[in-house]
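A short write-up of the structure that comes next.
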Amino acid sequence: MSTEHKHFSLFNPDANYDFVGRRQLYYALTGVGILASVIALATLGFNKGIDFKGGSKLIVAFEGSSNVDRHAVHDAVAGTLQQATGKKDVGQVEVQDFSTGGTGSAKKHFSVVTELTSMVTAEKRTALTAKIKDKFPKADVQWAAEGEDRVFVTLVDPVKVTPTYDTLRQVFGEAGFPKVGTGSDAESQLDVNLFRTLQMLQSENKKEDEVKAEEQKLRDQKAKDLADRADSRFTVVVEEFKGKIETGLQVKFSKSFAGVESSTAISPSVADDLMSQGLVAILYAIVGIILYIVLRFDVRYAPGALIALVHDVVLVIGAFSVAQVKFSMPVIAAVLTVAGYSITDTIVVFDRIREMQERHEGAPIDVVINSAINTTMSRTVLTSLTTFITSISIFLFGGGLIRDFAFAMCIGVVVGTFSSIFVASPVFLWLHERFEARKAAMAKQGGDRAPIQIAPAQG
């Protein structure tokens, strides 16, 4: 008695659908999709995330026993910024859980990234510049073009550093900015010397109490040395942004809030460079995949794979433009994932085409391609469906940046499956027919050529 095991299949394995017979339609659909995406990118552009736009990043800490979550932190930060600026729209605010790398930490941390970087308006900058010049006539006052609120003050003649710090703090305090940091070239040099001395101190075999006492003496000596120094180049950093966030979270969460542990500015120029590097990474990935296809198969397979990859990448990016979903670094990662996923399906089909060509030598190429697609169709669709279900679940029920990643995967799985079946193989068929026609023409030309007659040598 024999038993037969039946395997589940979405498609009849004995079916023989003519996939390449309607390739002109697939070419048209591909062209329309790419054209629509390009038009969307040209007219709507990207809704850049903070990664590619610039902003501020803070690491905030809460007591480990508190029930504070990232949604509550987001609402508190957004509310604080709205109150501080008097504007309802304060740009993007993103909050993510943040791990400090330790285990069993007594605190929970969140990464807060905001599009807003400054609390100092253009009017306040103008007023502050005027007040600084009142205190220091002929001073050159320049505000940093991007990033945090930093102003550079260059005087005509050197002046004592410590009194100048006090004057600058007074100017900013009277303007409503009590939290500022001051610096100078002279202090920077003292800081370098202090750092070197502290490094040498740490290497000595001394008790911890002795080291701390020595450190304090060195810092006190630095303060005395600074009081005797004169300089003409000063820097003031307004720390109002960090202070407003800190105050807002303290009011909202009271004792649960443990403080802002770090604050950094994301420069717009650096953000632009980051986006350029991400797009270049996509380009390099496509080039690398095409080289692999050429080495794995032959040059006839490469154009189909290239067009399929360009189709997938452009349509995914175009979908982000149409939907105005934030385009960020995780999305670049998703696009690269889509490219790898799509080419995997394409390679499966190409492998089957090559295998069936070797097995059925002399069979019409369109029959071979149709048979290869039919036999791999169930595997391709089932794999894509599984990935799509996972991605759509994350998109519907997830949050934060992972949701944008899932959106790219949902679009990418659909267009990648389409291109693997309806784009790559028909392009291979077209190129194969061109190669064979050229080969036949060359063979015919060689056969029609009259043999060369060589006359016998005259003696």
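If you take the residues in segment 36-79 that are charged (D, E, K, R) and surrounded by 20 or more Cβ atoms within 10 Å (Cβ to Cβ), which one is farthest from ASP97 (Cα to Cα)? Working first, answer last.
Pass one, segment 36-79, residues charged (D, E, K, R): 48, 51, 53, 57, 63, 69-70, 75.
So of that shortlist, the ones also surrounded by 20 or more Cβ atoms within 10 Å (Cβ to Cβ) come out as 51, 53.
Values: ASP51: 17, LYS53: 21 Å.
Here the answer is LYS53.
Look at segment 273-288: where a residue is more than 15 Å from ASP312 (Cα to Cα) and a partner is of a type in the set (Asp, Glu) and assigned to a helix (DSSP H, G or I), sitting 6+ places away or on another chain with Cβ atoms under 7 Å, you get LEU274/ASP51. When residues in segment 291-306 are screened for being among the β-branched types (Val, Ile, Thr) and farther than 15 Å from SER420 by Cβ, 2 of them pass.
In segment 428-454, the residues that are over 18 Å from VAL20 (Cα atoms) never reach a residue that is at pLDDT 70 or above with C-beta atoms less than 6 angstrom apart, at least six apart or across chains.
Could you list, in sequence order, all residues of segment 75-101 that are farther than 22 Å from VAL120 by Cα and modelled with pLDDT of 85 or more? If the condition is that a residue be farther than 22 Å from VAL120 by Cα and modelled with pLDDT of 85 or more, then ASP75 is the only one that fits.
Look at segment 242-257 and say how many of its residues are surrounded by 21 or more Cβ atoms within 10 Å (Cβ to Cβ) and either touching an Asp or Glu at 6+ places or on another chain (Cβ under 7 Å) or not hydrophobic (A, V, I, L, M, F, W, C) (or both). Summing the residues that are surrounded by 21 or more Cβ atoms within 10 Å (Cβ to Cβ) and either touching an Asp or Glu at 6+ places or on another chain (Cβ under 7 Å) or not hydrophobic (A, V, I, L, M, F, W, C) (or both) in segment 242-257 gives 0.
Could you say whether any residue in segment 287-309 is assigned to a helix (DSSP H, G or I), surrounded by 17 or more Cβ atoms within 10 Å (Cβ to Cβ), not assigned by TED's automatic domain parsing to the domain that holds GLY64 and not aliphatic (A, V, I, L, M)? Yes, that holds for at least one residue. A single entry from LYS212, LYS224, LYS206 fulfils the requirement of being assigned by TED's automatic domain parsing to the domain that holds ALA139 and surrounded by 13 or more Cβ atoms within 10 Å (Cβ to Cβ): LYS206.
You will find that of VAL211, VAL236, VAL192, the residue that is assigned to a helix (DSSP H, G or I) and touching a helix residue (DSSP H, G or I) at 6+ places or on another chain (Cβ under 8 Å) is VAL211 and no other.
Against the criterion of being surrounded by 24 or more Cβ atoms within 10 Å (Cβ to Cβ) and either in contact with a His (Cβ under 8 Å, 6 or more places away or on another chain) or of a type in the set (S, T, N, Q) (or both), THR346 qualifies. What pairs come out if I take residues in segment 375-386 that are under 10 Å from ASP345 (Cβ atoms) and in contact (Cβ under 8 Å) with a residue 24 or more places away in the chain and pair them with residues that are of a type in the set (S, T, N, Q) and part of a helix (DSSP H, G or I) whose C-beta lies under 6 Å away, six or more apart or interchain? Close Cβ pairs (under 6 Å, with a partner that is of a type in the set (S, T, N, Q) and part of a helix (DSSP H, G or I)) amount to SER384/THR417.
When you scan segment 131-138, do you find a residue that is aliphatic (A, V, I, L, M), modelled with pLDDT of 90 or more and in the same structural domain as SER188 (by TED's automatic domain parsing), even just one? If you could, list the steps in order and put the result at the bottom.
To start, the set of residues in segment 131-138 that are aliphatic (A, V, I, L, M) comprises 132.
Checking which are modelled with pLDDT of 90 or more leaves us with 132.
After this cut, where a residue has to be in the same structural domain as SER188 (by TED's automatic domain parsing) as well, the list is 132.
Yes.
Among the conditions (1) farther than 30 Å from THR235 by Cα; (2) out of contact with any Leu (no Cβ under 8 Å at 6 or more places or on another chain); (3) surrounded by 14 or more Cβ atoms within 10 Å (Cβ to Cβ), GLY33 misses just one, which is (2).
Check segment 147-162 and report whether any residue there is at pLDDT 85 or above, in contact with a helix residue (DSSP H, G or I) (Cβ under 6 Å, 6 or more places away or on another chain), over 27 Å from VAL270 (Cα atoms) and surrounded by 13 or more Cβ atoms within 10 Å (Cβ to Cβ). Yes: segment 147-162 contains one or more residues that are at pLDDT 85 or above, in contact with a helix residue (DSSP H, G or I) (Cβ under 6 Å, 6 or more places away or on another chain), over 27 Å from VAL270 (Cα atoms) and surrounded by 13 or more Cβ atoms within 10 Å (Cβ to Cβ). Examine segment 191-203 for a residue that is without any contact (Cβ under 8 Å) to a residue 60 or more places away in the chain, over 21 Å from ALA139 (Cβ atoms) and among the acidic types (Asp, Glu), and state whether such a residue exists. Yes, there is a match, as at least one residue in segment 191-203 is without any contact (Cβ under 8 Å) to a residue 60 or more places away in the chain, over 21 Å from ALA139 (Cβ atoms) and among the acidic types (Asp, Glu).
The values are calculated or read from the model by the stated rules, or taken from the named source; none is laboratory data. Since we're looking at a predicted model, the values are computed, not measured. Neighbour counts run over all protein chains shown; Cβ positions are idealised from the backbone, glycine included.
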